[in-house]
Amino acid sequence: MKILTAICVLLFLAELTFGQGAVRRDGAAAVSAVTGESWLHHLHRSFDETSMGRTWRLGPPGSTTDHAPSRLRLFAPYASTATGSNMETLHGSDLYRLNCQGCHGESGLGAPPEIGSLIDPVRATSTTMVEQRMSKVGMVMSRRQTAEMVTQSRVALLKRLHEGGQDMPSFHHLSAREIRSLVTYLQQLAGVPGASEEQVAIQESHARVGELIVKSTCHICHSATGANPTPAELSQGAIPSLSALPERVNEQQLVRKVTSGAPVITATTSSVFRGRMPVFSYLSENEAADVYEYLTAYPPTESAGSDHAVQAALLSRANPPADYRGERAASPQLATSQASVTREQYEFVVLPISAGLFAVVLILLGCWITWREFGRLSVASQARAAWRRPGLESAPWVALRPPVELFIEPPRLRADREISHKAG
């Protein structure tokens, strides 16, 4: 029992230490500037040819008078985030609004065929819903087959979040805790049983909120850097870069443009029209202010290792050319994306399997020790039975005595001794 106890303690401490290390690595999300071309530019797709990033709500007509938002909080420098005074609580529903709703809509149904629904892929990660679906179509699956299908679906969902797809950009800038909170809300949105009781709330800085909106929604149409377009270029369909936005509008104007819409000036100063930018009414004015403050504190940059360059590398890895010889892109961003998928697979797939294997090892170890003890007791019992003879006292110390045959004289030897005694 001492050996079993020591092994259990060591395994538990090792599991606890490894788990805490993962939490420390993924606990905080570092804020970084947005880089690279827009996703539409990467796809060589115009704004009029896509449903991505479009809410199908436009701003007021050009004759509407300007107004300023009335509920904006006072500007707080991002340096105060280190003290925890500039944090806000986000739930999975908030993360969905900031990252996914611009393309997939409030219900998650998307805009097929370009933007697929989130509902069925998320339902495929639930054992209960997979069993119900298979039962409806009359297909019988064992528990093992169901578990394998659910595991594959979870890995595929996490891979899609981190690596994206043909038309979907990657979201590898999301941290593990953000992914965890987002996935639990996606399960609630898809109607997975018990998901509403598993919602996770997290703390985020205002800088991080602005970063999520910019990288997940704004960057779909707006490239990180570029020239500030003229009114004539705007009338021809030019989209301002994110780096030019602080030059074009102030914070209150950007908040109005994002949350309720605002007219824009085209070819001449007297020509004003509604504009093509959709209205994101599901964002609050404070969240829109976070966008402006994030772009000001973390100016967008152009980099060869941009997020969409990473996306292209991941897509090319999924479909390698014929002469591919296993060469991997050596960019740090790609390595980060691969590491993020590994961490998520660990938390959602590998960790439960490891816990199950740990329990199985403990059970097998206990069975082996029990079998070993029964065998030892059985051998001792047989030895005591072999040493005993009729007429001997069955005392506990009998098992410690030498075999009784050593103290009993054989009959033939006794007869020879008696004959020799008579002859003498």
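The values are calculated or read from the model by the stated rules, or taken from the named source; none is laboratory data. Predicted, not measured: the structure shown is a model, and the values here were computed from it. Every residue, glycine among them, receives a Cβ derived from its backbone with ideal geometry; neighbour counts consider all protein chains shown. We work out accessible area using only protein heavy atoms, side chains counted, and drop any ligands, DNA or RNA first. Shrake-Rupley method; radii C 1.70, N 1.55, O 1.52, S 1.80 Å.
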For this session: Six or more apart or on different chains, Cβ under 9 Å: which pairs go from a residue in segment 358-371 that's touching a residue at least 60 places away in the same chain (Cβ under 8 Å) to one that's open to solvent by 70 Å² or more (accessible area, probe 1.4 Å) and of a type in the set (Phe, Trp, Tyr)? Could you list them?
Result: 358/12
Exercise. Can we say residue 239 is open to solvent by less than 20 Å² (accessible area, probe 1.4 Å), aliphatic (A, V, I, L, M) and in contact (Cβ under 8 Å) with a residue 24 or more places away in the chain?
Worked result: no
For this session: Go through segment 250-265 and give me each residue that's out of contact with any strand residue (DSSP E or B) (no Cβ under 8 Å at 6 or more places or on another chain), open to solvent by less than 40 Å² (accessible area, probe 1.4 Å) and not in a helix (DSSP H, G or I).
Result: 261, 262
Exercise. Among the residues of segment 211-236 satisfying the criterion of being small (Gly, Ala, Ser) and surrounded by 16 or more Cβ atoms within 10 Å (Cβ to Cβ), which is nearest to residue 31 (Cα to Cα)?
Worked result: 216
For this session: State whether the residues of segment 292-300 include one that is open to solvent by less than 30 Å² (accessible area, probe 1.4 Å), modelled with pLDDT of 90 or more, farther than 29 Å from residue 93 by Cα and of a type outside the set (Ser, Thr, Tyr).
Result: no
Exercise. Which members of segment 91-115 meet the condition of being at negative phi and free of Cβ contacts under 8 Å to residues at least 40 places away in the same chain?
Worked result: 94, 104, 109, 112, 113
For this session: Could you tell me whether segment 117-137 includes any residue that is at pLDDT 55 or above, in contact with an Asp or Glu (Cβ under 8 Å, 6 or more places away or on another chain) and within 20 Å of residue 283 (Cβ to Cβ)?
Result: no
Problem set entry | Long-range neighbours under 6 Å by Cβ, at least six apart or interchain, first residue of a type in the set (Lys, Arg) within segment 211-230, second open to solvent by less than 10 Å² (accessible area, probe 1.4 Å) | 215/34
Seminar exercise, completed: Residue hits (segment 359-404; of a type in the set (Phe, Trp, Tyr) and modelled with pLDDT under 80) are 374, 387, 397
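One line per residue, one yes/no per condition, for (1) at pLDDT below 95; (2) open to solvent by 40 Å² or more (accessible area, probe 1.4 Å):
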| site | (1), (2) |
| --- | --- |
| 166 | yes, yes |
| 169 | yes, no |
| 172 | yes, no |
| 176 | yes, no |
| 181 | no, no |
| 184 | no, no |
| 195 | yes, no |
| 199 | yes, yes |
| 209 | no, no |
Exercise. Does residue 97 satisfy the criteria of being out of contact with any strand residue (DSSP E or B) (no Cβ under 7 Å at 6 or more places or on another chain), at pLDDT 95 or above and outside any loop (DSSP other than H, G, I, E, B)?
Worked result: yes
Exercise. Only one residue in 281, 270 is open to solvent by 30 Å² or more (accessible area, probe 1.4 Å) and either in contact with a strand residue (DSSP E or B) (Cβ under 7 Å, 6 or more places away or on another chain) or modelled with pLDDT under 85 (or both). Which one?
Worked result: 270
Exercise. Hey, among 146, 81, which residue is of a type outside the set (Gly, Ala, Ser), modelled with pLDDT of 90 or more and open to solvent by less than 80 Å² (accessible area, probe 1.4 Å)?
Worked result: 146
Problem set entry | Hits in segment 97-133 (condition: open to solvent by 60 Å² or more (accessible area, probe 1.4 Å) and among the charged types (D, E, K, R)) | 106, 120, 123, 131, 133
Exercise. Only one residue in 32, 38 is closer than 20 Å to residue 214 by Cα, touching a Ser or Thr at 6+ places or on another chain (Cβ under 6 Å) and modelled with pLDDT of 90 or more. Which one?
Worked result: 38
